[in-house]
Amino acid sequence: MHSAPVALVTGASRGIGRGIAVALARAGYGVAINYAGNAAAAEECRRLCAATSPEGASTRFAPLQADISQAADRRRLVEETLRLFGRLDLLVNNAGVAPAVRADLLDASEESLDRLLAVNVKGPFFLTQLVARHWQETAKTWPAHGNRPKIVTISSISASTASVNRGDYCISKAALTMLTPLFAARLAELGVRVYEIRPGIIATDMTGPVKAKYDALIAGGLTPIRRWGAPEDVGRAVVAFATDAFPFTTGEVIHVDGGFHLRTL
């Protein structure tokens, strides 16, 4: 049995997922670093986690390849995490994809929507179901007192912000947000708490192609906090949930968006 708490972070090789993995490593977690195809990036994330982990902490880090849109891969991912670490204390549903082409709403394709729903919705839903079943089976062995397992899902401001040139992405993120209240209600009896983090404009590979556009929008006041978000900003929010900073909450959403969600006159 791994002595430190263990997190499984999907899509952890780069971007927001890497920021989350490194933040959890800094907080003393072991991390299963899921990636879909970029093994080199996942290995770099592992090195960063190991370098960040507090001295003397009994932690390990392991890149694990799996496509979460595939049932067999989801099962293997959970089984490998439990085999390597002997425990699982935190699931972070972070993996997601953007449309291959930003198409006008009237030109959006069925194929694109199917792909986004498979990765952004079906994958997290059934991965969470697998992990929840494991916790249901093992709950009787948990100590009477202590930090209970948690689920954190990373969504997007696109869940509630219409972008007519990527409507398929917005639909997938809107569907994803229902994961949190559903599993929060179902797993409360086990003491498992469930949360959502809704990032805004975060500097990652995904947002790189539109950097100039958002530089201008942010400078013009799009967000009250006039800067880009960083993956580390999301990572800090995940750590707050993971380390029981909010013990009398479940089903909550935290906006890590520089205040974008505020409605002002």
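The values are calculated or read from the model by the stated rules, or taken from the named source; none is laboratory data. The structure displayed is predicted, hence computed values, not measured ones. All Cβ positions, glycine included, derive from the backbone under ideal geometry; neighbour counts span all protein chains shown.
Within the range 71-84, does at least one residue satisfy the condition of being buried (at least 19 other Cβ atoms within 10 Å of the Cβ), more than 30 Å from I171 (Cβ to Cβ) and basic (K, R)? No.
For the range 85-106, the count of residues that are charged (D, E, K, R), in contact with a Lys or Arg (Cβ under 8 Å, 6 or more places away or on another chain) and not in a helix (DSSP H, G or I) is nonzero.
For A66, state whether it is in contact with an Asp or Glu (Cβ under 9 Å, 6 or more places away or on another chain), within 18 Å of Q129 (Cα to Cα) and of a type in the set (A, V, I, L, M).
On the way: in contact with an Asp or Glu (Cβ under 9 Å, 6 or more places away or on another chain): yes; within 18 Å of Q129 (Cα to Cα): yes; of a type in the set (A, V, I, L, M): yes.
When the stated conditions are applied, A66 passes them.
The residue pairs whose first member lies in the range 245-265 and is in contact (Cβ under 8 Å) with a residue 24 or more places away in the chain and on the phi > 0 side of the Ramachandran plot, whose second member is in a loop (DSSP other than H, G, I, E, B) and surrounded by 15 or more Cβ atoms within 10 Å (Cβ to Cβ), and whose beta carbons are closer than 9 Å, counting only pairs six or more residues apart or on different chains, are G258/G200; G258/I201; G258/L222; G258/T223; G258/W228; G259/G200; G259/T223. State yes or no: is R115 of a type outside the set (D, E), farther than 20 Å from A242 by Cβ and surrounded by fewer than 16 Cβ atoms within 10 Å (Cβ to Cβ)? Taking the combined requirement at face value, the residue does not satisfy it.
Against the definition (closer than 23 Å to A23 by Cβ, in contact with a helix residue (DSSP H, G or I) (Cβ under 6 Å, 6 or more places away or on another chain) and touching a residue at least 24 places away in the same chain (Cβ under 8 Å)), how does N147 come out, yes or no? Write out each step before concluding.
Working: closer than 23 Å to A23 by Cβ: yes; in contact with a helix residue (DSSP H, G or I) (Cβ under 6 Å, 6 or more places away or on another chain): no; touching a residue at least 24 places away in the same chain (Cβ under 8 Å): yes.
No, not satisfied.
Residue count for the range 88-106, restricted to those that are touching a residue at least 60 places away in the same chain (Cβ under 8 Å), surrounded by fewer than 17 Cβ atoms within 10 Å (Cβ to Cβ) and either closer than 29 Å to T138 by Cα or β-branched (V, I, T) (or both): 0.
Considering the range 53-65 alone, what residues qualify as being assigned to a loop (DSSP other than H, G, I, E, B) and either in contact (Cβ under 8 Å) with a residue 40 or more places away in the chain or basic (K, R) (or both)?
Narrowing the range 53-65 to residues assigned to a loop (DSSP other than H, G, I, E, B): 53-60.
Within the range 53-65, A57, S58, T59, R60 meet the criteria.
Against the test of being surrounded by 15 or more Cβ atoms within 10 Å (Cβ to Cβ) and over 21 Å from R14 (Cβ atoms), the options T249, T180, T204 yield a single qualifying residue, T180.
Within the set T138, T128, T161, the sole residue that is part of a loop (DSSP other than H, G, I, E, B), modelled with pLDDT of 95 or more and β-branched (V, I, T) turns out to be T161. Is it true that some residue in the range 168-189 is out of contact with any Lys or Arg (no Cβ under 8 Å at 6 or more places or on another chain), among the hydrophobic types (A, V, I, L, M, F, W, C) and at pLDDT below 95? No, the range 168-189 has no match at all. Checking each residue in the range 2-27 for being over 14 Å from L64 (Cα atoms) and either without any contact (Cβ under 8 Å) to a residue 40 or more places away in the chain or in a helix (DSSP H, G or I) (or both) picks out G15, I16, G19, I20, V22, A23, L24, A25, R26.
Counting only residues that are at pLDDT below 95 and touching a His at 6+ places or on another chain (Cβ under 7 Å), how many does the range 1-30 have?
0
Scanning the range 195-242 for residues that are in contact (Cβ under 8 Å) with a residue 60 or more places away in the chain, assigned to a strand (DSSP E or B) and among the aliphatic types (A, V, I, L, M) yields a total of 1. Within the range 157-172, residues that are surrounded by fewer than 20 Cβ atoms within 10 Å (Cβ to Cβ) have Cβ atoms under 6 Å from residues that are of a type in the set (S, T, N, Q) in these pairs: A159/T177, counting only partners at least 6 apart in sequence or on another chain. Given the structure, is G235 of a type outside the set (D, E, K, R), surrounded by 19 or more Cβ atoms within 10 Å (Cβ to Cβ) and under 15 Å from L91 (Cα atoms)? Judged against the criteria, G235 is a match. Consider the range 28-43 and keep the residues that are part of a helix (DSSP H, G or I) and aliphatic (A, V, I, L, M). The one that is nearest to E55 (Cα to Cα) is A42.
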